[in-house]
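Visitor: For reference, the structure I am asking about is given below.
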């Protein structure tokens with residue numbers, strides 16, 4: 001293969017890595033939107049909190065003398081998911097549930113307020129500056145001829161792919177097979193009717209927030225380890241990207257969120273390959289606007305028919 | 001019931017403990033290259049314990065606390081105002097009085113408060129502009145700051161490269177922002193509400209990134225400085241006149257001693273003028289068929305279409321007019337600051353403007369003015385706890401939405417009521 005196509009392959013791999021984490025965060029947006037039709041603006045902050053908890057747990061375990069990498073990662077994953085879910089649940093309970101049924105701008109403002117609050121709360125308690133973690137997972141596979149261009153897949157990227165894949169599979173099984181998953185789908189179809197049929201919709205809504213937060217925490221762990229840096233403001237741009245991914249794929253649709261995330265990740269990586277990397281956000285949003293023009297309900301979204 | 005409450009309270013206390021663990025309990029600490037975790041001090045644990053106790057007790061006694069809160073009457077503006085008929089005759093006098101007070105006021109207070117008032121007036125302008133889009137036409141715009149930026153940069157660039165004066169640039173800035181609004185609005189206004197929100201949000205980011213990276217023209221992250229201040233019919237407010245031999249400054253012309261506060265007061269008066277102009281125009285528009293159509297479209301789109309109203313034209317007009325107001329505010333902003341950079345046009349600004357509109361009560365102009373005052377003055381008052389400023393701001397937004405979801409002064413529509421015989 002030529003040097004150029006190898007370079008493209010490398011960018012594709014990088015793009016898919018980032019894209020799969022976008023997909024993880026996007027699911028949180030899409031599930032909440034699918035059920036209660038609101039944009040959970042504080043979702044990006046949950047991702048950021050997930051990253052912080054990961055760093056705290058890793059630092060704590062290392063100082064306790066535990067050095068086995070798999071154990072550290074698994075404990076960090078479990079703790080981050082648990083804590084972030086608690087945050088997700090609490091945010092829903094405090095800022096959104098009392099406002100359900102009002103004008104749809106009201107919960108949005110409340111969510112923006114919550115997002116500002118969480119950003120600053122973490123900033124005040126953990127410091128506003130970057131916190132860096134030395135790389136935990138190093139090494140990788142190299143493909144191609146080392147003489148001209150080498151395509152590398154780092155082990156971290158492999159972990160990201162594997163974890164994302166397993167999580168997505170579990171989530172799909174949960175949504176399609178379990179009783180609670182069925183309730184989730186019913187709520188997305190018609191919240192009022194589901195309530196009438198004797199399903200505790202409050203519980204289902206809380207559950208979607210918990211699932212979304214847990215997935216965001218996984219993304220927080222993965223990206224935190226991948227970049228090795230976190231600060232209180234990473235949540236905003238990641239959340240924005242993930243929301244873009246959710247809208248791109250058709251908001252309310254879980255496969256759509258995954259597809260949107262991957263497309264967005266690859267587009268960004270490809271843009272960064274040819275243009276200065278600052279323009280990748282411009283291209284990402286440009287892509288969103290273009291797709292919405294031709295498919296107003298996203299790639300996999302169902303067109304919504306307004307009825308009187 | 002009581003046991004249920006007890007479990008609830010224990011549950012809430014447990015959740016609080018978990019949440020507090022991250023925020024206060026542990027702290028990341030970098031020692032060299034290694035990351036370490038520091039536990040909280042005893043005092044901080046006492047705080048956490050106190051917080052948990054408060055949550056536990058408040059959950060246990062929710063009913064009693066609710067009853068207590070219900071005893072405090074909610075302030076209602078409408079009951080405090082005189083009757084409607086009296087109000088109608090009083091209104092012109094009240095408005096005239098308010099304007100007179102606003103014009104005289106800056107001569108008696110400190111320079112800092114006049115400056116703050118000018119900032120408030122900018123936010124009032126922005127709030128009124130966004131109110132057309134969100135409050136009246138019901139289009140959720142999360143990237144309003146983009147038009148503000150367009151207005152600000154239009155003036156800054158025209159003044160820097162072509163030396164045009166503020167008064168010439170003011171309409172050009174508004175027109176430029178309107179053009180951007182039109183170009184963006186034309187394709188995206190077909191989208192459903194929330195998609196529109198994210199597209200406008202994306203547009204806001206695009207503008208900011210472009211301003212940040214187009215270094216040759218916009219100066220990139222370091223921005224543009226030395227933007228010319230507005231002049232009073234050619235009279236400058238500097239110590240020495242810059243514009244040639246026979247140019248005079250304000251204090252020379254009127255034989256006054258030089259004082260820098262003239263400039264501040266002059267800017268404030270311009271802001272008052274602009275705000276009055278914007279309010280007047282919007283008020284007239286609201287009473288025109290187009291204004292009625294905005295509100296009708298917000299209430300029921302399908303009904304509007306079946307009555308033969310052109311949906312795109314109506315939405316586009318609201319979007320464009322809102323944008324031009326932001327352009328107005330932007331041009332004034334860059335004239336006041338004398339320096340602009342993309343840092344001034346981040347998403348949080350859009351969020352603050354949106355919060356002003358929602359907090360004020362969507363569609364209500366008095367409400368927006370009040371909310372703009374609250375939103376700019378409160379952070380200033382909280383300057384002592386500068387670290388906690390944004391934290392409190394976020395918390396306040398959440399609490400206000402719970403306390404008064406209809407805004408500080410909910411809109412009153414003209415309506416007729418049949419009196420009972």
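The values are calculated or read from the model by the stated rules, or taken from the named source; none is laboratory data. Fair warning: this is a prediction, and the values are worked out from it, not measured in the lab. Note that we place each Cβ from the backbone using ideal geometry, even for glycine, and neighbour counts take in every protein chain shown.
Visitor: Which condition number in (1) within 10 Å of chain B (Cβ to nearest Cβ); (2) touching a helix residue (DSSP H, G or I) at 6+ places or on another chain (Cβ under 6 Å); (3) over 28 Å from residue B:401 (Cβ atoms); (4) modelled with pLDDT of 90 or more is the one that residue A:82 fails?
Guide: Unmet for residue A:82, out of (1) within 10 Å of chain B (Cβ to nearest Cβ); (2) touching a helix residue (DSSP H, G or I) at 6+ places or on another chain (Cβ under 6 Å); (3) over 28 Å from residue B:401 (Cβ atoms); (4) modelled with pLDDT of 90 or more: (2).
Visitor: Would you please name the residue that is farthest from residue A:201 (Cα to Cα), looking only at residues in region A:35-77 that are out of contact with any helix residue (DSSP H, G or I) (no Cβ under 9 Å at 6 or more places or on another chain) and more than 12 Å from chain B (Cβ to nearest Cβ)?
Guide: Filtering first and then ranking leaves A:65.
Visitor: Go through the residues of region A:252-267 one by one and say whether even a single one is under 30 Å from residue B:349 (Cα atoms), at pLDDT below 90 and buried (at least 21 other Cβ atoms within 10 Å of the Cβ).
Guide: Yes, because at least one residue in region A:252-267 is under 30 Å from residue B:349 (Cα atoms), at pLDDT below 90 and buried (at least 21 other Cβ atoms within 10 Å of the Cβ).
Visitor: Does region B:35-46 include one or more residues that are on the phi < 0 side of the Ramachandran plot, within 12 Å of another protein chain (Cβ to nearest Cβ) and in a helix (DSSP H, G or I)?
Guide: Yes, region B:35-46 contains at least one residue that is on the phi < 0 side of the Ramachandran plot, within 12 Å of another protein chain (Cβ to nearest Cβ) and in a helix (DSSP H, G or I).
Visitor: Now for a different question. Confirm whether residue A:131 is crowded, with 16+ Cβ neighbours inside 10 Å and touching a helix residue (DSSP H, G or I) at 6+ places or on another chain (Cβ under 8 Å).
Guide: So residue A:131 fits the description; yes.
Visitor: Further question on the same structure: For region A:39-158, which fully contained helices (runs of 4 or more DSSP H) count at least 1 residues that are in contact with a strand residue (DSSP E or B) (Cβ under 7 Å, 6 or more places away or on another chain) and in contact (Cβ under 8 Å) with a residue 24 or more places away in the chain?
Guide: A:43-63, A:105-126
Visitor: So, residue A:32, is that one within 10 Å of chain B (Cβ to nearest Cβ) and part of a helix (DSSP H, G or I) or not?
Guide: no
Visitor: Answer with yes or no whether residue A:298 is modelled with pLDDT of 85 or more, within 24 Å of residue A:187 (Cβ to Cβ) and crowded, with 18+ Cβ neighbours inside 10 Å.
Guide: Criteria not met by residue A:298.
Visitor: A further question follows. Have a look at B:166, B:147 and point out the one that is surrounded by fewer than 24 Cβ atoms within 10 Å (Cβ to Cβ), in contact (Cβ under 8 Å) with a residue 12 or more places away in the chain and either in the same structural domain as residue B:325 (by TED's automatic domain parsing) or touching a helix residue (DSSP H, G or I) at 6+ places or on another chain (Cβ under 7 Å) (or both).
Guide: Criteria check complete, one pass: B:166.
Visitor: Scan region A:91-114 for residues that are closer than 17 Å to residue A:238 by Cβ and at the interface with another protein chain (Cβ under 7 Å from one of its Cβ atoms) and jot them down.
Guide: If the condition is that a residue be closer than 17 Å to residue A:238 by Cβ and at the interface with another protein chain (Cβ under 7 Å from one of its Cβ atoms), then A:112, A:114 are the ones that fit.
Visitor: A follow-up question, please. Tell me yes or no: at least one residue of region A:293-303 is under 27 Å from residue B:189 (Cβ atoms) and facing chain B (nearest Cβ under 7 Å).
Guide: yes
Visitor: Next question, about the same structure. With more than 10 Å from every other protein chain (Cβ to nearest Cβ) and touching a helix residue (DSSP H, G or I) at 6+ places or on another chain (Cβ under 7 Å) as the only criterion, which of A:263, A:289 stands out?
Guide: The conditions single out A:263.
Visitor: While we're on this one: Tell me the residue from A:139, A:192, A:123 that is at pLDDT below 90, within 23 Å of residue A:95 (Cβ to Cβ), touching a helix residue (DSSP H, G or I) at 6+ places or on another chain (Cβ under 9 Å) and exposed (fewer than 15 other Cβ atoms within 10 Å of the Cβ), please.
Guide: A:192
Visitor: With more than 14 Å from chain A (Cβ to nearest Cβ) and either at pLDDT 80 or above or surrounded by fewer than 11 Cβ atoms within 10 Å (Cβ to Cβ) (or both) as the only criterion, which of B:12, B:88 stands out?
Guide: Among B:12, B:88, only B:88 is more than 14 Å from chain A (Cβ to nearest Cβ) and either at pLDDT 80 or above or surrounded by fewer than 11 Cβ atoms within 10 Å (Cβ to Cβ) (or both).
Visitor: Ok, one more. Any residue at all in region B:98-106 that is crowded, with 17+ Cβ neighbours inside 10 Å, at pLDDT 90 or above, over 19 Å from residue B:281 (Cα atoms) and in contact with a helix residue (DSSP H, G or I) (Cβ under 7 Å, 6 or more places away or on another chain)?
Guide: Within region B:98-106 (the criterion being crowded, with 17+ Cβ neighbours inside 10 Å, at pLDDT 90 or above, over 19 Å from residue B:281 (Cα atoms) and in contact with a helix residue (DSSP H, G or I) (Cβ under 7 Å, 6 or more places away or on another chain)), the answer is no, since none of the residues qualifies.
Visitor: Limited to region B:134-165, what total is found for residues that are within 14 Å of chain A (Cβ to nearest Cβ) and modelled with pLDDT of 90 or more?
Guide: So the count comes out to 3.
Visitor: Another question about this same structure. If only one of B:226, B:220, B:193, B:234 is surrounded by fewer than 21 Cβ atoms within 10 Å (Cβ to Cβ), more than 9 Å from every other protein chain (Cβ to nearest Cβ), modelled with pLDDT under 80 and farther than 30 Å from residue B:261 by Cα, which one is it?
Guide: B:220
Visitor: Out of all the residues in region B:362-398, which are closer than 16 Å to residue A:106 by Cα, more than 8 Å from chain A (Cβ to nearest Cβ) and either part of a loop (DSSP other than H, G, I, E, B) or at pLDDT below 85 (or both)?
Guide: Matches in region B:362-398: B:363, B:364.
Visitor: Of the numbered conditions (1) in a helix (DSSP H, G or I); (2) surrounded by fewer than 21 Cβ atoms within 10 Å (Cβ to Cβ); (3) more than 10 Å from chain B (Cβ to nearest Cβ); (4) over 18 Å from the mean Cα position of the chain (by Cα), residue A:271 fails exactly one; give the number of that condition.
Guide: (2)
Visitor: Which condition number in (1) more than 13 Å from chain B (Cβ to nearest Cβ); (2) over 14 Å from the mean Cα position of the chain (by Cα) is the one that residue A:223 fails?
Guide: (2)
Visitor: Consider region B:364-374. How many of its residues are over 19 Å from residue B:145 (Cα atoms) and crowded, with 24+ Cβ neighbours inside 10 Å?
Guide: 1
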